[in-house]
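J.: I'd like to ask some things about the structure below.
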Amino acid sequence: MDRSVTYLAAAVAVLAVVVLVIVVRARRRAATRPGRAVPTGRPARGGPHRLAPGDRVRIHEREYAVSGTIRLVEGDWSWVQHLLDDASGTRHRLSVEDGPDLELVLWTAEPGATVTPGAPTIDLGGRRYTWAETGQARYTATGETGLPAAGTMRYHDYQSGGGARLSFEAYGEEGWRVARGDLLDPTELTIQPAAEER
């Protein structure tokens, strides 16, 4: 009788350890998945996730108008890119990604760049970038994006020190669009929804 209870207690303890190991591994795998991560089943949040054409944002004392939004889905994951206009006429975009933490990157187009993706490292503008991830996503576009309403996008992403980023994106059959980015602290972003403008 005592042996049966001992064996049962040991079996329960082993089962508890196995379940704990499975849960810990699943959480680590989800937390360390590279790059663009907003689970599509997660409830929508406000703030930069919900920007829309007509809204205005202030970043580093510069004001931008949101002219379009591109929502991307890759497998079970999604992220958002908002196209931003300012007085300079330079193309900017704000990417909004979620994972363990919210990640905001302000991108500036590099239309004159002659580099192409694929190498483990790329040198551009006196900085060396290291490959981070590659993939393909489906997208839907709203507002003034210059894109069809839906399609596919290929990308290669690179990173460097100090929160610097480099991206290559190709929508549909077009060539690569190159942009350099800077990681933002969410406190550096101020949002003024279009409905609040007078």
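The values are calculated or read from the model by the stated rules, or taken from the named source; none is laboratory data. Values in this document were obtained by computation on a predicted structure and should not be read as measured data. We place every Cβ from the backbone using ideal geometry, glycine too, and count neighbours over all the protein chains shown. For the accessible areas, the whole protein counts, side chains as well, though only heavy atoms, and no ligand, DNA or RNA atoms are used. Shrake-Rupley method; radii C 1.70, N 1.55, O 1.52, S 1.80 Å.
J.: Residues in the stretch 169-191 that are more than 17 Å from residue 106 (Cβ to Cβ) and part of a strand (DSSP E or B): how many? Walk me through how you get there before you give the answer.
T.: Applying the first criterion (more than 17 Å from residue 106 (Cβ to Cβ)) to the stretch 169-191 yields 170-176.
Retained after the next criterion (residues that are part of a strand (DSSP E or B)): 170-171.
Counting residues in the stretch 169-191 that are more than 17 Å from residue 106 (Cβ to Cβ) and part of a strand (DSSP E or B) gives 2.
J.: Cβ contacts < 9 Å: first residue closer than 14 Å to residue 136 by Cβ and among the aliphatic types (A, V, I, L, M), restricted to the stretch 154-170; second residue open to solvent by less than 10 Å² (accessible area, probe 1.4 Å) and not in a helix (DSSP H, G or I), any location; separation 6+ or different chain. Result?
T.: Within 9 Å, the pairs are 170/153; 170/155.
Condition check ((1) among the aromatic types (Phe, Trp, Tyr); (2) buried (at least 18 other Cβ atoms within 10 Å of the Cβ); (3) within 13 Å of residue 72 (Cβ to Cβ)) across all residues:
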{"site": "82", "(1), (2), (3)": "no, yes, yes"}
{"site": "115", "(1), (2), (3)": "no, no, no"}
{"site": "130", "(1), (2), (3)": "no, no, no"}
{"site": "139", "(1), (2), (3)": "yes, yes, yes"}
{"site": "149", "(1), (2), (3)": "no, no, no"}
{"site": "161", "(1), (2), (3)": "no, no, no"}
{"site": "184", "(1), (2), (3)": "no, yes, no"}
{"site": "194", "(1), (2), (3)": "no, no, no"}
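J.: Please go through the stretch 92-107 and give me each residue that is touching a residue at least 24 places away in the same chain (Cβ under 8 Å) and among the charged types (D, E, K, R), ordered by number.
T.: 93, 97, 98, 103
J.: Scan the stretch 64-83 residue by residue and report those that are modelled with pLDDT under 95 and within 15 Å of residue 191 (Cβ to Cβ).
T.: None; the set is empty.
J.: Within the stretch 117-127, take every residue that is within 25 Å of residue 59 (Cα to Cα) and open to solvent by 60 Å² or more (accessible area, probe 1.4 Å) and give me the one that is farthest from the chain's Cα centre (by Cα).
T.: Among them, the one singled out is 126.
J.: Out of 125, 175, which single residue is at positive phi and out of contact with any Leu (no Cβ under 8 Å at 6 or more places or on another chain)?
T.: Residue meeting the stated conditions: 125.
J.: Looking at the stretch 84-109, which of its residues are farther than 24 Å from residue 131 by Cβ, modelled with pLDDT of 90 or more and either open to solvent by 30 Å² or more (accessible area, probe 1.4 Å) or in a loop (DSSP other than H, G, I, E, B) (or both)?
T.: As a first pass, look at the stretch 84-109 and keep what is farther than 24 Å from residue 131 by Cβ: 84-90.
Still in the list and also modelled with pLDDT of 90 or more: 84-86.
Once the filter is applied, which keeps residues that are farther than 24 Å from residue 131 by Cβ, modelled with pLDDT of 90 or more and either open to solvent by 30 Å² or more (accessible area, probe 1.4 Å) or in a loop (DSSP other than H, G, I, E, B) (or both), the stretch 84-109 yields 85, 86.
J.: From 118, 151, 135, 112, grab the single residue that is among the small types (Gly, Ala, Ser), free of Cβ contacts under 8 Å to residues at least 40 places away in the same chain and either closer than 24 Å to residue 47 by Cα or in a strand (DSSP E or B) (or both).
T.: Criteria check complete, one pass: 151.
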